[in-house]
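Input: a single structure, listed below in structure tokens.
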Amino acid sequence: MPVNLKGRSLLTLKDFTPEEITYLLCLSQDLKAKKRQGIPGDLLKGRNIVLLFDKTSTRTRCAFEVACFDEGGCATFLSNSQMGKKESLEDTARVLGRYYDGIEYRGFSQKAVEDLALYSGVPVWNGLTDSYHPTQALADVMTLMENTKKPLSECKLVFVGDARNNVANSLLIISAKLGMAFTAISPAELKPDRALFHEMSELAQQTGATLSFSDDLSAVAGADTVYTDVWFSMGEEDKYEQRIKLLTPYRVTQELMQQTGNPQAIFLHCLPSFHDMNTQIGMDVYEKFGIKEMEVEDRVFRAPCSKVFDQAENRLHTIKAIMVATIGRQ
């Protein structure tokens, strides 16, 4: 049956079937090839989108803007609205829905992005909340597909670090949806959300996925992808010392990559990454705690196995696919 996503919001990948996710990934590949060939696009011609940001961004904002412009659309970046201050989220959503064909939201609360979809009357895309990061997970799986000859159902993705965060949640979901093997490796204090893991484990019985959690780094064996993320997110500055103590044993090292037993295993990271001291935060952490590298060694980050910049590029193509599929002219 043909896939039709017109008018749909992307709030979490839980709302999409395996067939719909696969369709978005295939469309992403087609749009990437189109851009590489220099073919002008018009699939978003006449479409206007607005980007609402309560959290700072590099890749998400740039990817949405460039993706929109590539296909002939217009984008408004709005970081100084009255939403939640002098005007309620509901009223703001109703107004923006009259102006725009689609709304992207990046912020803290999952309820906020859900309410935007409820009241705006147009597709709303989750650019990141504290709960989920669905556009990132699509780019992650696209990057895996580009670096393996195996079907996804035979691939193992291992997430190492804070396994409760939004990226880990979305990787758990997309792995369950697509029948992949997913292992979260973290200290017990940071293991995946119990309810979400149970929900996805039930889904895995239908899709053939295998989902597991371990606090033992040996569980990395057989991985096709080793994935990590920063140890603390925006708004968690008071947790630096606690997270460093918990997660230092879970840093992705060259030795850990070798433990996969797979010379073709790739390293992924959603970025930004604290792999050196060339950031203000990296320098602050070094001065306070004496750590030069946090979640990944610099030599792994810069190694041939690292596909982090291909992964970052794929944010553009997957986000473009989401917009084309939900508000495009095709």
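The values are calculated or read from the model by the stated rules, or taken from the named source; none is laboratory data. Computed from a predicted structure; not experimentally measured. In this analysis, Cβ positions are derived from the backbone assuming ideal geometry, glycine residues included, and neighbour counts consider all displayed protein chains.
Only residues that are under 20 Å from Thr225 (Cβ atoms) and among the charged types (D, E, K, R) were counted across the stretch 254-292, and they come to 1. Per the listing Met257, Met234, Met294, the residue uniquely modelled with pLDDT of 95 or more, of a type in the set (A, V, I, L, M, F, W, C) and over 23 Å from Lys156 (Cα atoms) is Met294. Leu246 fulfils the conditions (1) closer than 20 Å to Phe108 by Cα; (2) in contact with a helix residue (DSSP H, G or I) (Cβ under 7 Å, 6 or more places away or on another chain); (3) surrounded by fewer than 21 Cβ atoms within 10 Å (Cβ to Cβ) except for a single criterion, (1). Look at the stretch 141-169: where a residue is in the same structural domain as Ala321 (by TED's automatic domain parsing) and at pLDDT below 95, no partner that is surrounded by fewer than 24 Cβ atoms within 10 Å (Cβ to Cβ) and aromatic (Phe, Trp, Tyr) sits 6+ places away or on another chain with Cβ atoms under 9 Å. When Glu313, Glu287 are checked against the criterion of being among the charged types (D, E, K, R), under 30 Å from Glu236 (Cα atoms) and under 14 Å from the mean Cα position of the chain (by Cα), Glu313 stands alone in meeting it.
Regarding the stretch 277-294, can at least one residue be identified that is small (Gly, Ala, Ser) and free of Cβ contacts under 8 Å to residues at least 12 places away in the same chain? Spell out the reasoning first.
Taking the stretch 277-294 first, the residues small (Gly, Ala, Ser) are 282, 290.
If we keep only those that are free of Cβ contacts under 8 Å to residues at least 12 places away in the same chain as well, we get 290.
Yes, the stretch 277-294 has at least one match.
Going through (1) among the hydroxyl-bearing types (Ser, Thr, Tyr); (2) in a helix (DSSP H, G or I); (3) over 19 Å from the mean Cα position of the chain (by Cα) one by one, Ser28 falls short only on (3).
Scanning the stretch 35-46 turns up at least one residue that is buried (at least 18 other Cβ atoms within 10 Å of the Cβ) and farther than 27 Å from Tyr132 by Cβ.
Being without any contact (Cβ under 8 Å) to a residue 12 or more places away in the chain and either closer than 27 Å to Gln110 by Cα or in a helix (DSSP H, G or I) (or both) is true for just one of Lys14, Lys55, Lys6, Lys34. Which residue is that? Explain how you work it out, then say what you get.
Working: Lys14 fails: without any contact (Cβ under 8 Å) to a residue 12 or more places away in the chain; Lys55 fails: without any contact (Cβ under 8 Å) to a residue 12 or more places away in the chain; Lys6 fails: without any contact (Cβ under 8 Å) to a residue 12 or more places away in the chain.
Selected residue: Lys34, the only one of Lys14, Lys55, Lys6, Lys34 that is without any contact (Cβ under 8 Å) to a residue 12 or more places away in the chain and either closer than 27 Å to Gln110 by Cα or in a helix (DSSP H, G or I) (or both).
Gln82 passes every criterion in (1) at pLDDT 95 or above; (2) more than 13 Å from Val124 (Cβ to Cβ); (3) of a type in the set (S, T, N, Q) apart from (1).
Only a single item in (1) in a loop (DSSP other than H, G, I, E, B); (2) over 24 Å from Gln330 (Cα atoms) is not met by Phe77, and it is number (1). Among residues that are within 22 Å of Gly97 (Cβ to Cβ), surrounded by 12 or more Cβ atoms within 10 Å (Cβ to Cβ) and either modelled with pLDDT under 95 or of a type outside the set (Asp, Glu) (or both), Leu24 is not included. Criterion first (in contact with a strand residue (DSSP E or B) (Cβ under 6 Å, 6 or more places away or on another chain), aliphatic (A, V, I, L, M), within 19 Å of Leu13 (Cβ to Cβ) and without any contact (Cβ under 8 Å) to a residue 40 or more places away in the chain) does Leu211 satisfy it? Spelling it out, Leu211 is indeed in contact with a strand residue (DSSP E or B) (Cβ under 6 Å, 6 or more places away or on another chain), aliphatic (A, V, I, L, M), within 19 Å of Leu13 (Cβ to Cβ) and without any contact (Cβ under 8 Å) to a residue 40 or more places away in the chain.
Of the strands (runs of 3 or more DSSP E) lying entirely inside the stretch 92-204, those containing at least 3 residues that are under 16 Å from the mean Cα position of the chain (by Cα) are 102-106, 124-128, 156-160.
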